[in-house]
1. Could you say which residue among P131, P153 is at pLDDT 95 or above, touching an Asp or Glu at 6+ places or on another chain (Cβ under 7 Å) and more than 24 Å from R21 (Cβ to Cβ)?
2. So if I check each of A61, A103, A49, A68, which one is of a type in the set (A, V, I, L, M, F, W, C) and in contact with a helix residue (DSSP H, G or I) (Cβ under 9 Å, 6 or more places away or on another chain)?
3. Going through G206, G186, G193, G226 one at a time, which residue ends up being under 17 Å from I19 (Cα atoms), modelled with pLDDT under 95, in contact with a Phe, Trp or Tyr (Cβ under 9 Å, 6 or more places away or on another chain) and not acidic (D, E)?
4. Across the stretch 84-133, which residue is surrounded by the most Cβ atoms within 10 Å (Cβ to Cβ) among those that are in contact with a Phe, Trp or Tyr (Cβ under 9 Å, 6 or more places away or on another chain) and of a type in the set (V, I, T)?
5. Across the stretch 147-173, what is the number of residues that are assigned to a helix (DSSP H, G or I) and of a type in the set (G, A, S)?
6. Answer yes or no as to whether G143 is over 20 Å from G186 (Cα atoms), buried (at least 21 other Cβ atoms within 10 Å of the Cβ), of a type in the set (G, A, S) and in contact with a strand residue (DSSP E or B) (Cβ under 9 Å, 6 or more places away or on another chain).
Amino acid sequence: MSAQDDRPVAVVTGANRGIGREVARQLAARGHRVVVGSRDLDRGRRVAAELGVTACRLDVADDASVAAMAEEVTSAFGRVDVLVNNAAIDYDTDARAVTADLARVHAAFETNLFGAWRTALALLPLLRRSPHPRIVNVSSEGGSLASMGGGTPAYSTSKAALNALTRVLAAELRGQRVLVNAVCPGWVATDMGGPGGRPVREGAAGVVWAATLPDGGPTGGFFRDGHPLPW
């Protein structure tokens, strides 16, 4: 990439399919230089070729993988303007908290919470180089304490924790101009969400909205389609 290329740089995790792929497509259409993070590099490269963007192997649950991604992005672009923490696993509709396999819950937290956290930490030095840094944590209304009930214990509690991380990061980074928000894309027809949901482009649009907020936009919020959700 040319050092003179001033187009914003966006890193999207879990971007080889579903919402992540569509977020990458929409950001690229808006002129961003997009890095598609994918655990399976071959799949990531196929998506990148289709979208005209860049692929990077990225397993957010692995410290070494995240560090390698940060080095690669530093070398290729020198900064990051947008981080979309989209990677998530295990919509555990078959599980209940009272009978939970805690090893399974731990694995979900490793990706859904700690994966987003370690990726944000790895890219913060590059985000601080941006004139308009943004972090978007792709969350779920299933993580809203206001409406939470039984079921999906690993997914719901990990997303609630991701919402908490959003608030803490937003408060700590406010003085550094980094806007940090959580976005629920809604029930979207993806491999994880299953059939019957809204079109993926609609769910992704709310994520892109948060990724492209103007300076002075909201931070530390929880949104769907640009509208606040209860915590």
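The values are calculated or read from the model by the stated rules, or taken from the named source; none is laboratory data. In this text the structure is predicted, and so the values were computed from the model without any measurement. Because the Cβ atoms are built from the backbone with ideal geometry, glycine has one as well, and the counts that use them run over all protein chains shown.
1. On inspection, the qualifying residue turns out to be P153.
2. Testing whether each residue is of a type in the set (A, V, I, L, M, F, W, C) and in contact with a helix residue (DSSP H, G or I) (Cβ under 9 Å, 6 or more places away or on another chain) leaves just A61.
3. Criteria check complete, one pass: G193.
4. By that ranking, first place goes to I89.
5. 8
6. no
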